[in-house]
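Any read-out appearing in this document is the output of simple, stated calculations on the displayed coordinates, not a laboratory observation. Values in this document were obtained by computation on a predicted structure and should not be read as measured data. Here the Cβ is made from the backbone with ideal geometry for all residues, glycine too, and neighbour counts use every protein chain on show.
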Amino acid sequence: MSNKEKMAMIERGMEPGLARPRTSAPTPFLSLKFGLLLVGLGIGLLVALFTVRATGIDDEEGVAVYFGCLSIFGGLGLIISYAVEKNWLDKQKDLI
């Protein structure tokens with residue numbers, strides 16, 4: 001269907017690439033979100049490593065510790081990202 005629309009636009013002398021505006025919204029905090037997620041995952045790996053080595057947990061039970069720490073600290077990174085974004089947006093609303 002999209003190809004037929006583009007062909008009809010070309011026949012009428014219109015530029016098919018410029019007809020529709022982009023619908024994707026800008027994501028100014030995407031780098032912050034991914035950065036904090038990766039930092040959280042890295043801290044989670046370190047905490048899991050130290051926990052497994054300090055307690056002497058064997059390999060099978062250690063996997064659960066790794067997955068748990070990755071989930072917890074990755075989630076904390078996303079929560080921190082949300083708090084920073086919300087704080088920044090609130091400050092922008094106060095300025096307007």
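Arrange the following residues from fewest to most other Cβ atoms within 10 Å of their Cβ: Phe50, Phe29.
Arranged by neighbour count, lowest to highest, Phe50, Phe29 become Phe50, Phe29.
What's the angle, to the nearest 10 degrees (0 to 90), between helix 2-11's Cα axis and the longest principal axis of the chain?
So the helix axis and the longest Cα principal axis differ by about 30 degrees.
Which listed residue (Thr51, Gly75, Val65) has the Cα farthest towards the positive end of the charge dipole for the chain, taking +1 on Lys and Arg C-beta and -1 on Asp and Glu C-beta about the Cα centre?
Final value for the positive-end residue is Gly75.
If R₀ is 35 angstrom, what is the calculated FRET efficiency for the pair Lys6 and Leu32, using the beta carbon separation as r and rounding to 0.05?
0.40
As a test of the formula, what do you get for the chain when each DSSP H run with n ≥ 4 contributes -39,500 (n - 2.57) and the sum is divided by the residue count, at 222 nm and rounded to the nearest 500 deg cm²/dmol?
-27000 deg cm²/dmol
Would you list which aspartates and glutamates come within 16 Å of Lys91, measuring only between C-alpha atoms, while excluding same-chain residues fewer than 8 positions from it?
Of all the aspartates and glutamates, none pass the test against Lys91 - Cα under 16 Å, at least 8 places apart if same chain.
May I ask you to evaluate 6.51 cos²θ - 1.76 cosθ + 1.60, the Karplus curve with θ = phi - 60°, for each residue of segment 43-55 and list the ³J(HN,Hα) values in order in whole Hz, giving x for glycine and proline?
5, x, 5, 5, 5, 5, 4, 5, 5, 5, 6, 6, 8
Between Glu85 and Val39, what is the FRET efficiency for a Förster distance of 25 Å, r being their Cβ-Cβ separation, to the nearest 0.05?
The calculated FRET efficiency here is 0.95.
So, by mean Cβ neighbours within 10 angstrom, what's the order for 36-46, 3-13, 77-87 with the highest one leading?
Highest mean packing first, the order is 36-46, 77-87, 3-13.
Whole-Hz ³J(HN,Hα) for each residue in segment 65-82, computed from phi via Karplus 6.51 cos²θ - 1.76 cosθ + 1.60 with θ = phi - 60°, x for glycine and proline: what do you get?
Once θ is set to phi - 60°, the couplings for segment 65-82 become 5, 4, 5, x, 5, 4, 5, 5, 6, x, x, 4, x, 5, 5, 5, 4, 4 Hz.
Give the lysines whose C-alpha is closer than 28 Å to that of Lys86, dropping any in the same chain fewer than 8 places away, or say none.
Within reach: Lys33.
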